[in-house]
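Undergrad: One structure, as structure tokens, below. Some questions next.
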Amino acid sequence: MKQLTLTLMILSACLGLAYAGPAYSGKEMKQVAPPCPQWYADNEWNISVWGTYAATGTEYAPNTSLADIVQSTTEGHTVYGTFDRYLGGDHAFGGGIDLKYFFHRYFGIGVEGFVLNAHRGAGFDLESNGVDVFTKERRSEDRAVGEVLGTFTLRYPIPCSRFAPYVWAGGGVIWGGGERDEIILDGFGGTGEVPVPLYHTVHHGTTTEPVGQFGGGLEFRITPHIGWTNDFSWNVINGPHNDFGMVRTGLTFAF
């Protein structure tokens, strides 16, 4: 009986060893996950170059009837129609560059500048001496509108990811736009019983205005030093009917 019991114990021990597999210490069983690649540095300089499309926030519907403009001026409320008062047209194309320094990965301060090729519609010079009316039409033209501003950016590099959403706000100046022609009513004259309006045209040149900008976008790092950015911003210019939006896409170089 004792011999049978001993035989069963030996057989049980052998089976246990066969199914247990090799034994490891607690230190050997611990597995450490490989670290995530770092696509965004805690402290880095960013230089971005991009192209942009700008669309005005005011409906482009100028009054093209000179007779209607003159008549409405005579009545004391000139009707020029609706259109952007700074860029002039309803859209523009351009490009720009910005320089940022990010500290602690999430916060960046920088400088941004861009130029838009803005189109201004045909204007006119209109003079009246009470007898004759003299009209000289100005040709439509393209002109450069530039903007420079300082920016503050918040970004969030998603852990273990190439993506980083960001938002920013800034302020600065814009120049090269704002041209307009204004009809001035000088009174009434004429030698007949019906008074004839007297008026002349004043051409206002370009102006430099303060501007604010805010927006948001997404960056995708192709390598730790090269990224692809896409974003949208809204530019607020001093005065009514001047604001415009911008869609941008370009490359970022990180150092």
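What follows draws every value from the coordinates through simple rules; no lab data is involved. Since this is a predicted model, take the numbers as computed values, not measurements. For neighbour counting, all protein chains shown are included, and Cβ atoms are generated from backbone atoms with ideal geometry for every residue, glycine included.
Undergrad: All other residues with a Cβ under 14 Å from the Cβ of Ile158 taken together, and with Lys, Arg as +1 and Asp, Glu as -1, what is their net charge?
TA: For residues surrounding Ile158, the net value is +3.
Undergrad: Determine the sum of side-chain charges near Asp243: Lys and Arg each +1, Asp and Glu each -1, restricted to other residues whose C-beta is under 14 angstrom from that of Asp243. Don't skip to the end; give the middle numbers.
TA: Working: positive: Arg85; negative: Glu59, Asp84, Asp90, Glu147, Glu209.
Spelling it out: positives minus negatives among the neighbours equals -4.
Undergrad: Sort 219-225, 89-95 for me by packing, meaning the mean count of neighbouring Cβ atoms within 10 Å per residue, highest on top.
TA: 89-95, 219-225
Undergrad: For Thr52, what residues show an amide H to amide H distance below 5 Å, using hydrogens built from the backbone and excluding near sequence neighbours?
TA: Sorted by chain and number, the residues that satisfy this are Gly94, Gly95.
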